[in-house]
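The values are calculated or read from the model by the stated rules, or taken from the named source; none is laboratory data. All values reported here derive from a predicted model rather than from experimental measurement. Here Cβ is always computed from backbone atoms with ideal geometry, including for glycine, and neighbour counts include all displayed protein chains.
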Ligand code: HEM
């Protein structure tokens, strides 16, 4: 095979890649070192901002296969028939640490799936937990500040986390999960995934259904204790996933949904849009609808995993949002983060580009035309893996539909949603919600060993806080179950 010639980024052959041009063997460099300057300048720009949360991650490509049609409840094109397959890209992550932190933090695991459907990309941006710490997005930056490194010392500070939780009883359920034996997954292959939020389906009759998505690991749940976790290499979970896929041991997940009608939601005793709560399976059983398998590693970590941009607002016809306040804020936050972190044309990068035709009237911007096989930037916005060659118009409405100018598709419209009668616009406190019952239910199904781990894990951090924080946390635990509070109290006492 003929050798490939090394070139500049503009394609010109490079004569020497080992020696800069200098004035004599021992002299300074000259100004005509443009190839050196190109290398250094590009190197200076190799990094993009890391994600403000979920910075550390690992991803792989795979396939989603439908095993049960959902056509009764959704027009989603990729969910119509058993056997239908859709390409996916799944990124796992930890939440609080930077890119070079450990894979084995006591932290939720992100579980983001991009479904490349024929009607656009659906991004399911979830976690390995069915609930979250908050139910009002206005608290998200405060919460994350309390979990990340201390602003002064740049060191982890569990007392900050407990100070936040002492002031926010809505975190109790998720905090109980985090401090339980499930708080440090042994690998990414051994976690479940959840939409956590309530999303919606709508069908051809215009009926809406509320739904939650669950991805149950076929590898089984496997966790580490604190003692086991500190002995693990920082990159262990990344290595585990890459090596499993390389040897053909493809990890997979059972895909399930819970479905609630609009009528059921009105009368249900739990607010179905409160992200701090689950829908008990006894009330809303899970329905298995598919299988997700990861079967191909990335070729280029930066181009694929790092530049991947998952947005909860990336819906497809038949799948949409719900009134969950947290979800509503996420519909804005992620697209905004992507414009900052990757750029205005983030969706043209191959890993994010849909595998269907994209036609719109948005134009230009930095790097317009990236990964775009046809005509973008010349008055044509089509891209995606099957981009059409249209060069019709850059404004809408126009008179050029017959020449290929795109037109809206009213048949995919989301059914209108009534607002609550007499709804008033104002900030609503959710302080009166019941944040203790589900945390207590979770505590009561733990066996003795799991309870002991929960007590010890909480005591480790809580013992570093002041008496006021401890008292407020113990009061929260007591509300969930008196034995929960007593166990933590004993564990703190045992540490003294
Ligand atoms: C108001 C609440 C929230 C806000 C404002 C928020 C904001 C963000 C932001 C800005 C990013 C970085 C995005 C990027 O740079 O690509 C991110 C990443 C992420 N968030 Fe959230 N988040 C919120 C709640 C949640 C919840 C409830 C979940 C899970 C149910 C979640 C799961 C994730 C995951 C998995 C990622 C990583 C995505 C990836 O793999 O690239 N977030 N979040």
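A few notes on this one:
- When residue 317 is tested against (1) touching a helix residue (DSSP H, G or I) at 6+ places or on another chain (Cβ under 7 Å); (2) outside any strand (DSSP E or B); (3) within 16 Å of the ligand (Cβ to nearest atom), just one condition goes unmet, and that condition is (3).
- Whenever a residue of segment 442-456 is free of Cβ contacts under 8 Å to residues at least 40 places away in the same chain, its partners that are surrounded by 14 or more Cβ atoms within 10 Å (Cβ to Cβ) and assigned to a loop (DSSP other than H, G, I, E, B), lying with C-beta atoms within less than 7 angstrom and at least six residues away or across chains, give the pairs 444/481.
- Candidates are the residues of segment 340-368 that are surrounded by 19 or more Cβ atoms within 10 Å (Cβ to Cβ) and away from the ligand (no atom under 14 Å from the Cβ); the one that is farthest from the chain's Cα centre (by Cα) is 358.
- Filter pass, residue 48 being touching a helix residue (DSSP H, G or I) at 6+ places or on another chain (Cβ under 8 Å), away from the ligand (no atom under 16 Å from the Cβ) and part of a loop (DSSP other than H, G, I, E, B): no
- Residue identified as under 24 Å from residue 408 (Cα atoms), within 11 Å of the ligand (Cβ to nearest atom) and modelled with pLDDT of 95 or more among 329, 337, 311: 311
- Residue 54 fulfils the conditions (1) in a loop (DSSP other than H, G, I, E, B); (2) more than 21 Å from residue 210 (Cα to Cα); (3) in contact with a strand residue (DSSP E or B) (Cβ under 7 Å, 6 or more places away or on another chain); (4) more than 9 Å from the ligand (Cβ to nearest atom) except for a single criterion, (4).
- Among the residues of this structure, residue 236 counts as one that is touching a residue at least 24 places away in the same chain (Cβ under 8 Å) and within 13 Å of residue 186 (Cβ to Cβ).
- The condition of being away from the ligand (no atom under 16 Å from the Cβ), touching a residue at least 60 places away in the same chain (Cβ under 8 Å) and under 28 Å from residue 102 (Cα atoms) does not hold for residue 259.
- Failed item in (1) in a loop (DSSP other than H, G, I, E, B); (2) in contact with a strand residue (DSSP E or B) (Cβ under 7 Å, 6 or more places away or on another chain), with residue 61 passing the rest: (1)
- Entirely in segment 409-496, the helices (runs of 4 or more DSSP H) that have 1 or more residues that are outside the structural domain of residue 200 (by TED's automatic domain parsing), modelled with pLDDT of 95 or more and surrounded by fewer than 10 Cβ atoms within 10 Å (Cβ to Cβ): 437-445, 448-462, 467-480
- Residue satisfying condition, being buried (at least 21 other Cβ atoms within 10 Å of the Cβ) and in contact with a helix residue (DSSP H, G or I) (Cβ under 7 Å, 6 or more places away or on another chain), within set 64, 111, 162, 89: 162
- Hey, residue 145 closer than 24 Å to residue 276 by Cβ, free of Cβ contacts under 8 Å to residues at least 60 places away in the same chain, surrounded by fewer than 18 Cβ atoms within 10 Å (Cβ to Cβ) and more than 9 Å from the ligand (Cβ to nearest atom) or not: yes
- Within segment 297-318, residues that are over 18 Å from residue 337 (Cβ atoms) sit with their Cβ atoms under 6 Å from residues that are away from the ligand (no atom under 15 Å from the Cβ) and in a helix (DSSP H, G or I), at 6+ positions apart or across chains, in these pairs: 297/242; 297/245; 317/412.
- Any hit, segment 26-33, residues being outside any loop (DSSP other than H, G, I, E, B), touching a strand residue (DSSP E or B) at 6+ places or on another chain (Cβ under 7 Å) and more than 16 Å from the ligand (Cβ to nearest atom): yes
- Residue selected from segment 86-122 under the condition within 9 Å of the ligand (Cβ to nearest atom) and in a loop (DSSP other than H, G, I, E, B), by the criterion nearest to residue 355 (Cα to Cα): 95
- Taking the criterion of being in a loop (DSSP other than H, G, I, E, B) and under 23 Å from residue 78 (Cα atoms), the residues of segment 261-302 that qualify are 285, 286.
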